[in-house]
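Asks: Attaching a single structure in structure tokens format; questions to follow.
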Amino acid sequence: MTHSVAVDFGGTNIRSAYFRETEPSPENQVKIPTQAEFGPEHVIERLVSAIKEVMPKNAEGIRVGIGSPGPLDPNEGIIYKAPNLRGWTDVPLKARLEERLDCPVFLGNDANVAALGEWKFGAGKGASHLIYLTISTGIGGGVIIDNRLLLGARGLAGELGHITLERDGATCGCGQQGHIEALASGTAIARKANESLRAGAQSSLRAIYEVDEAVTAKAIGEAARNSDQFALALISEAGELIGHLLADLAHTFNPQIFVLGGGVSQLGTLLFDPVKLSFENHVMDPAYCEQVRIVPAALGDDAGLVGAMVLANQG
């Protein structure tokens, strides 16, 4: 019998779940605050506690899969540097956890791990060539080629949010300019909205802006659903940029399916319609559009957990 514990490890929360066999429904799960402000040693103890809490007593043969912020080396199990985790530089997380848990631990980039979940049990089930993109506070992704997760020489491949679309564009959180994350993420949409409102743009969002001095991506999405033209234009612009990115990725990987997840993707057709139109307009030949689907993710917040289970059982 296959047993695994899957962990979705983020800067705010740690989610841990026990899976019996390779089914996408966990038998037991917990969610605890990460408390990242207290540093790596404290967080490692919390990871151990969350894993042990869901792990059956006297269970044998358990494997642990973890989706974690990166960049990281999945082969060596080292987190190089995690911006949302204070003090996490060159932390050998795999070795530290294996020492404490006495079982094999498999570490993966969180977006890559979510891609595994959507490929195996979600919107991409049955596809052998898939690209997953999560559009939220930032933009991340993962690439499946011939039923295998593309990792690259040191496990650093698949950082799809850090592809440059505008050479002199806005500065990304990573410090580089013009990355798609800096142009079309939820954070980028909110930044553009607030800059325009500050300059006098008219919108139903002005009532929020004048009270809070800022509007959020969530508020912009709600305004777009209520036919606010300013908000609709912002979402359409983000969709156009994402579609352009997908065209570039199609030229590189020629996938069967693009799966879009994350909070911004929940805008549905308001985002997907401009994405699809832009994709069609930017490919070099219509052949790249044939038999290619662009669909919303199916697993929601559980993509990371389910993907970590897949990682554990593939490792």
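The values are calculated or read from the model by the stated rules, or taken from the named source; none is laboratory data. Given the structure is predicted, the values throughout are model-derived calculations rather than measurements. All Cβ positions, glycine included, derive from the backbone under ideal geometry; neighbour counts span all protein chains shown. These accessible areas exclude ligands, DNA and RNA; they are computed on the full protein's heavy atoms, side chains included. Shrake-Rupley method; radii C 1.70, N 1.55, O 1.52, S 1.80 Å.
Asks: Is at least one residue of the stretch 70-88 in contact with a His (Cβ under 8 Å, 6 or more places away or on another chain) and closer than 16 Å to Ala312 by Cα?
Replies: no
Asks: Do we find that Val215 is β-branched (Val, Ile, Thr), assigned to a loop (DSSP other than H, G, I, E, B) and crowded, with 18+ Cβ neighbours inside 10 Å in this structure?
Replies: Yes: the conditions hold for Val215.
Asks: Filter the stretch 182-199 for residues that are part of a helix (DSSP H, G or I) and free of Cβ contacts under 8 Å to residues at least 24 places away in the same chain; which is nearest to the chain's Cα centre (by Cα)?
Replies: Among residues in the stretch 182-199 that are part of a helix (DSSP H, G or I) and free of Cβ contacts under 8 Å to residues at least 24 places away in the same chain, the one nearest to the chain's Cα centre (by Cα) is Ala182.
Asks: Inspect all residues belonging to the stretch 26-34 and state whether any of them is among the charged types (D, E, K, R) and modelled with pLDDT under 95.
Replies: yes
Asks: So, one more: Here is a check on your reading of the model: is Ser227 free of Cβ contacts under 8 Å to residues at least 60 places away in the same chain, of a type in the set (Gly, Ala, Ser), assigned to a loop (DSSP other than H, G, I, E, B) and open to solvent by 10 Å² or more (accessible area, probe 1.4 Å)?
Replies: yes
Asks: Look through the stretch 1-45, keep the residues that are assigned to a helix (DSSP H, G or I) and in contact with a Phe, Trp or Tyr (Cβ under 9 Å, 6 or more places away or on another chain), and return whichever of them is most open to solvent (accessible area, probe 1.4 Å).
Replies: Filtering first and then ranking leaves Pro40.
Asks: So, in the stretch 258-291, of the ones that are among the aliphatic types (A, V, I, L, M) and either modelled with pLDDT under 95 or open to solvent by less than 30 Å² (accessible area, probe 1.4 Å) (or both), which residue ends up nearest to Ala127 (Cα to Cα)?
Replies: In this case the residue turns out to be Val259.
Asks: In the list Ile145, Ile189, Ile163, which residue meets the criterion of being under 18 Å from Gly263 (Cα atoms) and not basic (Lys, Arg)?
Replies: None of the other options fit; the residue is Ile189.
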